[in-house]
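Asker: Please find one structure pasted underneath; my questions will follow.
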Amino acid sequence: MDGDYISREVHEEFRRSMEAENKRLEDEDKRQNRRIDVLEENVKQLAAINTSVEKLALNMENMLKEQVSQGRRLETLENRDGDMWRKVVGYAVTAVIGIVLGYIFKQIGF
């Protein structure tokens with residue numbers, strides 16, 4: 001029967017080693033929990049950045065559309081003056097040709 005029992009010293013040594021192991025595991029749990037907290041905060045920050053980037057991309061897309069629209073309107077406005085100038089020059093050339101032809105026909109006697 002003596003073989004089934006352990007001595008008090010062995011039991012105390014086992015208890016101390018188990019307490020040390022439990023302390024080590026608690027410390028490891030605390031360290032892992034801190035790491036998880038840091039990772040969760042990083043994920044939240046990345047999600048916020050992702051949302052900001054999506055909003056920025058949408059704003060950039062809208063700005064591009066507006067710039068294209070403004071470019072078309074500006075081109076129309078720039079061409080309007082050019083078209084008017086071409087019409088004025090065309091009328092002036094027509095008038096000069098008409099005057100020249102009128103003078104020629106008058107000299108000929110028509």
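Asker: Kindly state, as a whole number, the per residue volume in cubic angstrom of the convex hull around the alpha carbon atoms of the stretch 41-95.
Answerer: 39
Asker: By how many degrees, between 0 and 90 and to the nearest 10, does the Cα long axis of helix 8-108 differ from the longest principal axis of the chain?
Answerer: Between the helix axis and the principal axis of the chain, the angle is about 0 degrees.
Asker: With the Cα gyration tensor of the chain giving a ≥ b ≥ c as the square roots of its eigenvalues, does the rule (a/c under 1.5 for rounded; else a/b larger than b/c for prolate; else oblate) give rounded, prolate or oblate?
Answerer: It is prolate, given that a/c is not under 1.5 and a/b is the larger ratio.
Asker: Of all GluC sites (Glu not before Pro) in the stretch 52-110, which ones are in loop regions per DSSP and have a Cβ with at most 11 other Cβ atoms within 10 Å?
Answerer: Hits after loop and neighbour filter: nothing returned.
Asker: What are the lysines whose alpha-carbon lies under 23 Å from the alpha-carbon of residue 44, with same-chain residues fewer than 8 places away excluded?
Answerer: Straight-distance partners of residue 44: 30, 55.
Asker: Under a point-charge model restricted to the Cβ atoms of Lys and Arg (+1) and Asp and Glu (-1), what is the dipole moment magnitude of the chain relative to its Cα centre, in debye to the nearest 20?
Answerer: Once rounded to the nearest 20, the dipole reads 1740 debye.
Asker: Hey, what's the Cα Rg ratio for the stretch 25-68 versus the globular rule of thumb, 2.2 N^0.38 Å?
Answerer: It is 2.05.
Asker: For labels at residue 47 and residue 73 in the simple 7 Å Cα→Cβ model, what's the distance in nm?
Answerer: 4.0
Here, each number is a calculation from the coordinates, and none is a lab measurement. Everything quoted here is computed from the prediction, not taken from an experiment. Every residue, glycine as well, gets a Cβ built from its backbone with ideal geometry; the counts of neighbours run over all protein chains shown.
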